[in-house]
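Visitor: Handing you this structure, nothing more for now.
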Amino acid sequence: MTWSTKLGLQMYTRLLTHPKLYAVSQKFASLGSFLLSPRSQWMRLPTFTGWGLSKDLPRFAGKPFRERWGSKQVEKYTGGQVDTKTSKQVNTDTVKYDAVPVSPVSLFTTELSALSGHVYQTKHPTQSIIEFLVSRNIQKILLEPNTLDESLLQKANIEFTYETDPQILVGVTNALCGLADTGSVLEADGALHASLLPEIHIAILKSKDILPSLSDAIDLVKDKKAAVFITGPSRTADIEMTLTIGVHGPKEIHVFIENQEEEIASPNEHSSQTDTR
């Protein structure tokens, strides 16, 4: 690594770890980009290099995202009557909602299903997943440690490994939590290979760990080395705006919700929203 690269990374790290310094640098960057392109929201990059050709960039924002978003939320809920300098959080207690209360599990199921995800409720995750694997004629999985009852897998002649293998089609993980309002699951710590590399991702999620929204889950990841919120199968449309499934991640996601408290209905189809146990 060259000295200039090291210096650049050190400066970048310092900016990102000091919010006030980052805010000041963003304002200077916004001013500089305005001087470069005062009449357009886009900065026209020089075309004397191949990279600069048709690679125009938007001007830097004058305010950090949190500041801009906070102002929008205050305007939305209060009509601008709250001073954003003294009120950092909108009081939503006075906001009236017409929606009928929905359980976190039901809302999570609805949202993930809308994104082509599959949700199953079960009291016995390992057995339910074994039946799913058998129905797909899958005999080997990439397993996240301490996720399933491995003795049951062995009895069912399901091979498992902790090491990546391009021939394995299914990865099984233990989700840290779920987000009801988006149908997302949180995967944290470890290499995160099982949720990324195979074509099919199976996540186990306890019903009590389904939280209302992102703000309720932030504290769970503040000390994690790596974390990712997964919402539905992998999607991309960066090539000619053609939507493609499963290019940058799994083609399918199946979430088995472990529910020990409520009675589980029992239709015998894995394509349904409720599993057989």
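Visitor: Could you tally the net charge around THR231, taking each other residue with its Cβ under 14 Å from the Cβ of THR231, Lys/Arg +1 and Asp/Glu -1? Present the calculation step by step, with values, prior to reporting the outcome.
Guide: On the way: positive: ARG235; negative: GLU111, ASP181, GLU187, GLU252.
Counting the neighbours of THR231, the net charge comes to -3.
Visitor: What FRET efficiency do you get for ASN137 and THR5 if R0 is 45 Å and r is their Cβ-Cβ distance, rounded to the nearest 0.05? Don't skip to the end; give the middle numbers.
Guide: Details: r = 50 Å, r/R0 = 1.10.
It comes to 0.35.
Visitor: I've got another one for you. Ranked highest first by the average count of other Cβ atoms within 10 Å around their residues, in what order do 6-12, 135-141 fall? Mind dumping the intermediate values first?
Guide: Working: 6-12: 10.6, 135-141: 14.1.
Most protected by this proxy first, the peptides run 135-141, 6-12.
Visitor: Per the Kirkwood definition applied to all pairs of different Cα atoms, how many angstroms is the hydrodynamic radius of the stretch 104-258?
Guide: On the way: mean 1/r = 0.0634 Å⁻¹.
Value: 15.8 Å, from the Cα pair sum.
Readers should treat all values here as calculations from the given coordinates under stated rules, not as data from a laboratory. Just so it is clear, the structure is predicted and the values come from calculations on it, not from any experiment. For neighbour counting, all protein chains shown are included, and Cβ atoms are generated from backbone atoms with ideal geometry for every residue, glycine included.
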